[in-house]
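Presented below is the structure to which this report refers.
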Amino acid sequence: MSEKNVTPVSAGTDRGPAELSRRSLLQGATLAAGGAAILAVGLTAQSAEAGNMTQKAAGYQTTPKDGKQCSTCSLFQAPSSCKLVAGDIAPTGWCRFYVKKA
């Protein structure tokens, strides 16, 4: 055999199972981030619907603040509950998550 028929093999082209390409690593990271975002949105929506936040964590008070009160908030559910905050909610109350009704 002559050396003209020998094809040189460049170093680093034979990848073993433990070596990942940059593309596959980025694809995996993108899928993981997307999945985490979807999970976070689902959990946030579920918590908001259930009214699981404590009154203390929401900064709830039984009196209005700057003319804002629960009865004019889009999260308030008459007669005395909230989509976000747990427990009895006064229509004249207020918390830091106040969102004016449209």
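Annotation note: Cβ proximity below 8 Å between a residue of the range 80-91 that is closer than 15 Å to A57 by Cβ and a residue that is hydroxyl-bearing (S, T, Y) and assigned to a loop (DSSP other than H, G, I, E, B) (sequence gap 6+ or interchain) occurs for V85/T54; V85/Y60; A86/T54; G87/T54; I89/Y60; I89/S80. For T62, the test of being at pLDDT 70 or above and of a type in the set (S, T, Y) is passed.
The values are calculated or read from the model by the stated rules, or taken from the named source; none is laboratory data. What you see is a predicted model; the values in this text were computed from it and never measured. Cβ coordinates were reconstructed from backbone atoms using ideal geometry, including for glycine residues, and neighbour counts include every protein chain displayed.
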